[in-house]
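Just below is one structure, and these are the notes that go with it.
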Amino acid sequence: MDKTKLQPGTRIYYTGDMANSEDHGVITKRYNDRWGDFVDITLDDGREFRGVYVIAFEPGPGRRFMLEEEWQEQRNAAVNNFNQRYALQN
């Protein structure tokens, strides 16, 4: 994950969880302090996340945020995989 891409205006995808629905959004601010690098995010539905550690975008278990382009690539790969498997069955 190229952390330099996490700049204001960058589109992101929030994976959600049992209590919070998934959504797309945009990074509105990036900053750092002695505790680390952070971004603020506004989702398309109006929810806001402030002070999200940049490391939250790293791949791994429990990942909550990713670049929208990365999400789209994964989604396209899953759809293509499904289509290939479906074609083999028919």
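Per-structure values
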| item | result |
| --- | --- |
| Any chance GLU48 is of a type in the set (Asp, Glu), in contact with a strand residue (DSSP E or B) (Cβ under 7 Å, 6 or more places away or on another chain) and touching a residue at least 24 places away in the same chain (Cβ under 8 Å) | no |
| Subset of the range 26-81 (residues that are on the phi > 0 side of the Ramachandran plot and at pLDDT 95 or above) | GLY46, GLY51 |
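Okay, residues lined up against (1) surrounded by 10 or more Cβ atoms within 10 Å (Cβ to Cβ); (2) touching a residue at least 12 places away in the same chain (Cβ under 8 Å); (3) farther than 18 Å from GLY16 by Cβ:
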| position | (1), (2), (3) |
| --- | --- |
| ILE41 | yes, yes, no |
| VAL54 | yes, yes, yes |
| PRO59 | no, yes, no |
| ARG63 | yes, yes, no |
| GLU68 | yes, yes, no |
| TRP71 | yes, yes, no |
| ARG75 | yes, no, no |
| ASN81 | yes, no, yes |
| TYR86 | no, no, yes |
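The values are calculated or read from the model by the stated rules, or taken from the named source; none is laboratory data. Everything quoted here is computed from the prediction, not taken from an experiment. When we count neighbours, we look across all protein chains shown, and the Cβ atoms used for this are built from the backbone with ideal geometry, even at glycine.
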